[in-house]
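K.L.:
Once you've had a glance at the structure underneath, I'll fire off some questions.
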Amino acid sequence: MTKPLNDTVRPLRWNDDSLQVLDQRRLPETLTYLICRSANEVADAIRDMAVRGAPAIGIAAAYGVVLAARARWRQNPETWRVAIEADLATLARSRPTAVNLFWALDRMREILSRPTQDPLQALLDAASAIHEADIEANRVMGAWGAAQVQDATGLLTHCNTGSLATGGYGTALGVIRSAWAQGGKAIFATETRPWNQGARLTAWELNQDGIPATLIADLAAALLMRSGKVQWVIVGADRIAANGDTANKIGTYALAVAARQHGVRFMVVAPMSTIDWDTAVGEAIEIEERDSRELLPPTYLAPGSVIRAWNPVFDVTPASLIDVLVTERGIVRQPSIESMRALRPSPAA
Ligand code: MRU
């Protein structure tokens, strides 16, 4: 019997004059919401990872534009459309890799440029539409992705790609929710060092929704594959180049290499807003490097220490290691510059 699609977590809530952000830095111990009342506060929440995950970052930025527009309008209704550019720039600087951020800002800029009776309402409607459409896309991808893994008995995921990383339901974790609901699947999640998105967030989210899962150390993934307990690795994406190369959480590339070695199939699940048609290949994607303090034990931060850290937080998986890309527009098998063209919007669209 099909189980219910347990889905209770929402990372972002709009509340009349503020954006409530579920503070993911404090999970799983504490469930609190930050109240963001300005674009600067939204940019800080993205930079400091109170909200994270490519689609959720884009949605938060869209609401950040609404807050900026209201503030700039109050300052000067004549010049607000010019003044708001500074806020768009602040939001754009918050994190570099997830293209959903820039996609959402472009969408909001387009709404700003349209002559309407009530531009502030039009911006709020656009942000809400981005938010709702993301959840809807995730449900569609969940069903399509689950259909691909019907025969599998074990699924492995990386990072957090669930409700917390999106408007709701999740991309890769959405597929896993849908697949789990069909029954007969063991779910494995990597811890995802150094920020522990898997151990702290995916485990929390699945626990909230009563979906059983087994956490593994990142370095146990190859052994798990060798054991035959998983047939698919299912991950999300922060930016997909036009040829299908995929930037995602650090460690994704290693999982793809190990999956190919062990005959385990590899699926990327991402909405169309994650595809960057202007970037031809993965090498051109900017990879964010974060503060050493996220990696280095405090002992080595003390004066006199000669230990440094290199902390790239994403890597690029070549398209040749990806078996299936699932989007809300359709599925691409063996993504490549040619096969990706099936997804590409026509210039008029
Ligand atoms: O640094 P994070 O936590 O924002 O990284 C998140 C990821 O890499 C996710 O896999 C990706 O954004 C897809 S989320 C649906």
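The values are calculated or read from the model by the stated rules, or taken from the named source; none is laboratory data. Quick caveat: nothing in here was measured; it's all calculated off a predicted structure. Counting neighbours? That spans all protein chains shown, and the Cβs are built from the backbone with ideal geometry, glycine included. The area values use the complete protein model at the heavy-atom level, side chains included, leaving out ligands, DNA and RNA. Shrake-Rupley method; radii C 1.70, N 1.55, O 1.52, S 1.80 Å.
K.L.:
Among (1) within 12 Å of the ligand (Cβ to nearest atom); (2) within 17 Å of the chain's Cα centre (by Cα), which single condition is residue 241 missing?
P.N.:
Here residue 241 clears every test but (1).
K.L.:
For the stretch 261-293, give me the residue count where each residue is in a helix (DSSP H, G or I), more than 22 Å from the chain's Cα centre (by Cα) and surrounded by 16 or more Cβ atoms within 10 Å (Cβ to Cβ).
P.N.:
The total comes to 1.
K.L.:
Separate question: Give me the residue from the stretch 114-135 that is within 21 Å of the chain's Cα centre (by Cα) and either in a loop (DSSP other than H, G, I, E, B) or closer than 26 Å to residue 265 by Cα (or both) and, out of that set, nearest to the ligand (Cβ to nearest atom).
P.N.:
134
K.L.:
Further question on the same structure: Residues of the stretch 156-180 being among the aliphatic types (A, V, I, L, M) and either touching a Pro at 6+ places or on another chain (Cβ under 7 Å) or assigned by TED's automatic domain parsing to the domain that holds residue 47 (or both), which ones?
P.N.:
Within the stretch 156-180, 164, 165 meet the criteria.
K.L.:
Criterion first (in a loop (DSSP other than H, G, I, E, B) and open to solvent by 30 Å² or more (accessible area, probe 1.4 Å)) does residue 44 satisfy it?
P.N.:
no
K.L.:
Can you tell me which of (1) in a loop (DSSP other than H, G, I, E, B); (2) within 14 Å of the ligand (Cβ to nearest atom) is the one residue 150 doesn't meet?
P.N.:
Residue 150 satisfies every listed condition except (2).
K.L.:
Could you tell me which numbered condition residue 91 fails, if it satisfies all but one of (1) assigned to a strand (DSSP E or B); (2) within 16 Å of the ligand (Cβ to nearest atom)?
P.N.:
Evaluating residue 91 over (1) assigned to a strand (DSSP E or B); (2) within 16 Å of the ligand (Cβ to nearest atom) leaves (1) as the failure.
K.L.:
Residues of the stretch 299-308 being in a loop (DSSP other than H, G, I, E, B) and either of a type in the set (A, V, I, L, M) or surrounded by fewer than 10 Cβ atoms within 10 Å (Cβ to Cβ) (or both), which ones?
P.N.:
Residues satisfying the conditions are 302, 303, 304, 306, 307.
K.L.:
Tell me which of these residue 296 doesn't satisfy, since it passes every other one: (1) open to solvent by less than 50 Å² (accessible area, probe 1.4 Å); (2) touching a helix residue (DSSP H, G or I) at 6+ places or on another chain (Cβ under 9 Å); (3) more than 16 Å from the ligand (Cβ to nearest atom).
P.N.:
(2)
K.L.:
Filter the stretch 221-240 down to the residues that are of a type in the set (A, V, I, L, M, F, W, C) and in contact with a Phe, Trp or Tyr (Cβ under 9 Å, 6 or more places away or on another chain) and list them by number.
P.N.:
Correct list: 221, 224, 230, 232, 233, 234, 235.
K.L.:
Residue 114 versus (1) open to solvent by 10 Å² or more (accessible area, probe 1.4 Å); (2) modelled with pLDDT of 95 or more: which is the lone unmet condition?
P.N.:
For residue 114, the failing item is (2).
K.L.:
Next question, about the same structure. Kindly indicate whether any position in the stretch 246-261 is of a type in the set (D, E, K, R), in contact with a helix residue (DSSP H, G or I) (Cβ under 7 Å, 6 or more places away or on another chain), away from the ligand (no atom under 16 Å from the Cβ) and assigned by TED's automatic domain parsing to the domain that holds residue 327.
P.N.:
Looking through the stretch 246-261, at least one residue is of a type in the set (D, E, K, R), in contact with a helix residue (DSSP H, G or I) (Cβ under 7 Å, 6 or more places away or on another chain), away from the ligand (no atom under 16 Å from the Cβ) and assigned by TED's automatic domain parsing to the domain that holds residue 327.
K.L.:
Touching a residue at least 12 places away in the same chain (Cβ under 8 Å) and either surrounded by 24 or more Cβ atoms within 10 Å (Cβ to Cβ) or of a type in the set (Phe, Trp, Tyr) (or both): does that describe residue 140?
P.N.:
Judged against the criteria, residue 140 is not a match.
K.L.:
Which residue pairs have Cβ atoms under 9 Å apart, sit 6 or more places apart or on different chains, and have a first residue in the stretch 313-334 that is farther than 15 Å from residue 270 by Cβ and assigned to a strand (DSSP E or B) and a second that is aromatic (Phe, Trp, Tyr) and within 16 Å of the ligand (Cβ to nearest atom)?
P.N.:
Qualifying pairs under 9 Å: 315/253.
K.L.:
When you look at residue 333, is it open to solvent by 50 Å² or more (accessible area, probe 1.4 Å) and farther than 23 Å from residue 99 by Cβ, yes or no?
P.N.:
no
K.L.:
Still on this structure, I have one more. Which members of the stretch 213-228 meet the condition of being farther than 19 Å from residue 162 by Cβ, aliphatic (A, V, I, L, M) and open to solvent by less than 70 Å² (accessible area, probe 1.4 Å)?
P.N.:
217, 220, 222, 224, 225 - these are the residues of the stretch 213-228 that are farther than 19 Å from residue 162 by Cβ, aliphatic (A, V, I, L, M) and open to solvent by less than 70 Å² (accessible area, probe 1.4 Å).
K.L.:
Identify all residues within the stretch 246-260 that are buried (at least 24 other Cβ atoms within 10 Å of the Cβ) and touching a Lys or Arg at 6+ places or on another chain (Cβ under 9 Å); write none if there are none.
P.N.:
Those that are buried (at least 24 other Cβ atoms within 10 Å of the Cβ) and touching a Lys or Arg at 6+ places or on another chain (Cβ under 9 Å): 246, 247, 248, 259.
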